[in-house]
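Reading through the structure tokens given below for one structure.
The values are calculated or read from the model by the stated rules, or taken from the named source; none is laboratory data. This is a predicted model, so every value here is computed, not measured. Glycine also receives a Cβ, built like all others from the backbone with ideal geometry; neighbour counts cover every protein chain displayed.
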Amino acid sequence: MIEAELARAVSLRESGALHEARDLLLRLSQTAPDDPRVAYQAAWAHDRLGLEAEAVPFYVRALDGDGLSPVERRGALLGLGSTYRTLGRYTEAADVLSRGVTEFPDDRAMAVFLAMARYNTGDAKSAVAGLLTMLAETSSDPEIQGYRPAIELYAQDLDRIWSC
């Protein structure tokens, strides 16, 4: 029964029936409070409705349990980190997103959100360094690629001064 109802809730969310999806997911959360997939979908529904503060406990519950697919886990980490950042909980955002980057090192969106959270915590140097590294690694712009070694060098130490 949980599987069918969860699939129905996802379908409702995907079709834009967010309030109906949220209502169904809240009922499912009461029926299956330890199911991380239900918690993840409930978090997502709350986030989509602009109810970020209400999404947090669902994200936390989803990440505390086992049972999320890698795609869902990645989404929960990014969702929770982004939600913390939206709520001004910058240190928590950076912590969650750092964990996400460790678990999913090739996820560029996670790295961008981590850079934003680091900026918000006052760690602008680390934020810019991360973005510079990503730009050098991913840009197909010939001008960027022409300066790639210099960009990567400065990303390691933005305060470096060359003496002649």
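Report those helices (runs of 4 or more DSSP H) wholly inside the range 1-101 carrying at least 2 residues which are touching a helix residue (DSSP H, G or I) at 6+ places or on another chain (Cβ under 8 Å) and crowded, with 23+ Cβ neighbours inside 10 Å.
Working: elements: 2-14, 18-31, 36-48, 52-64, 70-86.
Correct list: 18-31, 36-48, 52-64, 70-86.
Before we move on, is S69 modelled with pLDDT of 95 or more, more than 28 Å from R160 (Cβ to Cβ) and among the hydroxyl-bearing types (S, T, Y)?
On the way: modelled with pLDDT of 95 or more: yes; more than 28 Å from R160 (Cβ to Cβ): yes; among the hydroxyl-bearing types (S, T, Y): yes.
Criteria met by S69.
Under 7 Å between Cβ atoms, which residue pairs at least 6 apart in sequence (or on different chains) link something in the range 137-164 that is within 24 Å of D123 (Cβ to Cβ) with a partner that is modelled with pLDDT of 90 or more and of a type in the set (S, T, N, Q)?
As it stands, the answer is S139/Q145; E152/T133; A155/T133, since those pairs meet every condition given.
Considering each of L158, L132 in turn, give the residue that is hydrophobic (A, V, I, L, M, F, W, C), part of a loop (DSSP other than H, G, I, E, B) and farther than 25 Å from P70 by Cβ.
Values: L132 fails: part of a loop (DSSP other than H, G, I, E, B).
When all the criteria are applied, what remains is L158.
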